[in-house]
């Protein structure tokens, strides 16, 4: 049991101290899309981000800047709420 606690403590330290070095950046590429903004996956790194089609919804006309900004605002609020709930649950889980 002590060994697992030591491993958990080391893992928590490494996770908190991790550095992610991106190898591809597509954020500045202008594009036209019929995919409803933020309807698909999201990730900071890896293959399960917006380039994966699972869960993505389409619409008949291209997305407008106004529609994108409205969807982004809604998504950011939902993300902040979700992160706060997770952080609250995690507070009791991680040893200080």
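Computed from the coordinates by the stated procedures, all read-outs in this text should not be read as laboratory data. For clarity, every value in this text was computed on a predicted model and none was experimentally measured. Quick reminder, even Gly has a Cβ in these numbers, built from the backbone with ideal geometry, and neighbours come from all protein chains shown.
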What distance in nm separates the two pseudo spin-label positions at residue 69 and residue 17, each 7 Å out from Cα along the beta-carbon direction? 4.3 nm
For the pair residue 39 and residue 9, the simple spin-label estimate (label points 7 Å beyond Cα toward Cβ) gives in nm 4.9 nm
Helix-only mean residue ellipticity at 222 nm, the chain, DSSP H runs n ≥ 4 weighted -39,500 (n - 2.57), per residue, nearest 500. What is it? -15000 deg cm²/dmol
If you take the C-alpha gyration tensor of the chain, multiply each eigenvalue by 5 and take the square root, what semi-axes do you get, largest first, in whole Å? 36, 17, 12
I'd like the FRET efficiency for residue 93 and residue 56, computed as 1/(1 + (r/R0)^6) with the beta carbon distance as r and R0 of 25 Å, rounded to 0.05. 0.20
Taking the chain as a Gaussian network, Cα atoms linked when under 10 Å apart, which of 46, 28, 55 shows the biggest mean-square fluctuation? 28
For the stretch 1-21 and the stretch 33-66, what is the centre-to-centre distance using only Cα atoms, to the nearest Å? 33 Å
